[in-house]
1. Size of the chain along its principal axes in angstrom, Cα-based, largest extent first?
2. Would you mind calculating the relative contact order of the chain from Cα pairs under 8 angstrom and at least 6 residues apart, reporting the percent as a whole number?
3. Given a 1.4 angstrom probe, what's the average accessible area per residue across the chain, in square angstrom?
4. With θ taken as phi - 60° and the coefficients 6.51, -1.76 and 1.60, list the Karplus ³J(HN,Hα) couplings across region 41-46 in order, rounded to whole Hz; mark glycine and proline as x.
5. Can you count the Lys pairs in the chain whose Cα atoms are under 23 Å apart, with each pair 8 or more apart or on different chains?
6. Taking the Cα atoms only, what angle lies between the long axis of helix 6-15 and the longest principal axis of the chain, rounded to 10 degrees?
7. If you fit an axis through the alpha-carbon atoms of helix 22-32 and take the longest principal axis of the Cα set of the chain, what angle between them do you get, 0 to 90°, nearest 10?
8. Please give the helix 58-70 orientation as an angle from the longest Cα principal axis of the chain, in degrees from 0 to 90, rounded to the nearest 10.
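The values are calculated or read from the model by the stated rules, or taken from the named source; none is laboratory data. Because the structure is a prediction, the values reported are computed rather than measured. Methodologically, a virtual Cβ is constructed for each residue, glycine included, from the backbone with ideal geometry; neighbour enumeration extends over all protein chains shown. For accessibility, only protein heavy atoms count, side chains too; no ligands or nucleic acids. Shrake-Rupley method; radii C 1.70, N 1.55, O 1.52, S 1.80 Å.
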Amino acid sequence: MVLYTATSFKSELNDKGWRMTPQRETILHVFQNLPKGNHLSAEDLYNVLQNRGERISLSTIYRTLKLMARMGLLRELELAEGHKHYEIVRFVLPKVS
């Protein structure tokens, strides 16, 4: 098992024809630095970023969270009444070609 890093995220994005944007990298770093077991909703993440002086729109956050969840980097947690939270997947299995 390997830790999901910015480099591996960038590589996977590039393989799909997408870019590692500064916003995606910032969001990745927030999740990488969360204590184990903690999770954030899109709104929580937006507030964390605003408090840090980051200017990332809520719509960009929603799109990035969905992308990262589809890629297996984040785990989507369905909480009460459809309220979604996200947490980082600390380890991923290497891809078998």
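1. 38, 28, 22 Å, listed from the longest principal axis down.
2. 35
3. 65
4. After applying 6.51 cos²θ - 1.76 cosθ + 1.60, I find 7, 4, 5, 4, 4, 4 Hz.
5. 9
6. Once rounded, one gets 70 degrees.
7. On a 0 to 90 degree scale, this one is about 90.
8. In the chain, helix 58-70 runs at an angle near 40 degrees to the longest axis.
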